[in-house]
Every structure is written in C-alpha cells, then in structure tokens.
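For reference, the structure is listed below as structure tokens.
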Amino acid sequence: MEQTALRPKPMPGQEPGGGSRPRATRHPHAAPRRARKLRTLLLGLFVGAVLVLSGVGLGTVGATVIGMSRLAELQRQTERTPPAPTRSVASSPSPSSASPAPAPAPPTAVLGVEVVDAEKTGALIVGVHVPGPGFTAGLVRGDVLLQVGKARVDSAADLARTVSGTRPGKEIILTIRHRTGGYQQLTAVPGIVT
C-alpha cells in the first residue's frame, strides 16, 4: 500500500504550489448590484427625458391653442365683413373665338411677419420670417406694430390691408412698441411673395 502525503490547504491569496501570487478577488454579489445601478440610471434618464419632452410638448400645444383661437377670431371677423363685388367678363358666344386670358394681378407687398391682434390696439408680431423685409428692418417677436406710414394699425387685418396697399420696394416707416414698453420707428422695404 502506498502512503499518500497529506497536503495542507493553501492560505488565502496564495497559490497551491507555494507561490505568493495573489488571485483576483471575486465578489459574486457585485454583478447584480452593478446591474441594478445601471437600470436605475437608465430609468432616471428615461423619466427625465419624458418629463422634458412632455413639458416642451405642452408648451407647444398651449402656444398652438392660443394662436388658433386668435386665428379663429380673425376668421370670424373676416366672415362678418361683406366680400368685395367682382366684375364678371362676358364671354363671346362664338365657340371658335378664344377668350382673352385674364391679366395677372399686381404683386402684393408683404413684410414677412406673422401677426395676431394685440390685447389693446395694434398687431402683435408672433413670427418673423428670416430672411425677410421685417427681419431686415429689425422687427422681433413680441413687438406691436402701431402705425405703417401714416396709417394707424388697430388689428392684424388693418396691418394686412395697409401693407398690401403699399408698393413693393418703396420704403415705409413702421412705428412699433417693444415688449419692454419703448417706442421706435423703423424703416422697412416691403417685398413680394415669389
């Protein structure tokens, strides 16, 4: 019978052959903890993104609802005003003769701004087209247009009528009230829609 040598158990941190090279310590419970932290972080980021986006969405919806209600008011006002009478052109009874083509309408002047009725008098600028005559003149969102040339502006419809009556390319003086309450006169050159 052979005798077997008893081998002592190695000390922690030592190799069984007597070497002293330490092994990497294993933490079997660390992986679930890391996964839980990662899940919590990702969930927090997701919830934060949802809250930010929903806030932006609610703000956009609110602005749209306010803008649409003012647009509906403008449409109701225009429905109340009677339409301008139109002239009808009598066509020739003979089918062989060609009817003359209608003359193109003269170009309409525009400022390149979006406006709604202000709370008091004037037209509140809610958007400025870049590039455009209004942007070039120095109009910004929140300004209230009070006067175009010598014509007083009481509403957005007044502004549209006044500007469309001007000649494109001719300088006009705009009197505005800034959001801060200061008044200013700006020079603008209305353009045409192409």
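FYI, it's all coordinate maths here, none of it is from the lab. Only a predicted model underlies this, so the values are computations on that prediction, with no experimental measurement involved. Note that we place each Cβ from the backbone using ideal geometry, even for glycine, and neighbour counts take in every protein chain shown.
Relative to the Cα centre, the charge distribution of the stretch 121-180, modelled as +1 at Lys and Arg Cβ and -1 at Asp and Glu Cβ, gives a dipole magnitude of about 80 debye. Scalar couplings 3J(HN,Hα) for the stretch 45-52, obtained by applying the Karplus form with A = 6.51, B = -1.76, C = 1.60 to θ = phi - 60°, are 4, 5, 5, x, 5, 4, 5, 5 Hz; x denotes Gly and Pro. Placing a pseudo-label 7 Å from each Cα along the Cα-to-Cβ vector at Lys9 and Glu114 gives an inter-label distance of 7.8 nm. Rounded to the nearest Hz, the phi-derived 3J(HN,Hα) couplings of the stretch 138-144 under the Karplus curve 6.51 cos²θ - 1.76 cosθ + 1.60 (θ = phi - 60°) are x, 6, 10, 4, x, 5, 10, where x marks glycine and proline.
Less than 5 angstrom separates the built amide H of Gly127 from those of Glu114, all sequence-distant by 5 or more or on a different chain. Taking R0 as 45 Å, what FRET efficiency do you get between Ile173 and Leu53 from their Cβ-Cβ distance, rounded to the nearest 0.05? So the FRET efficiency works out to roughly 0.55. Here's how it looks for Ser155: its modeled amide H is under 5 Å from those of Gly122, which are all 5 or more places away or on a different chain.
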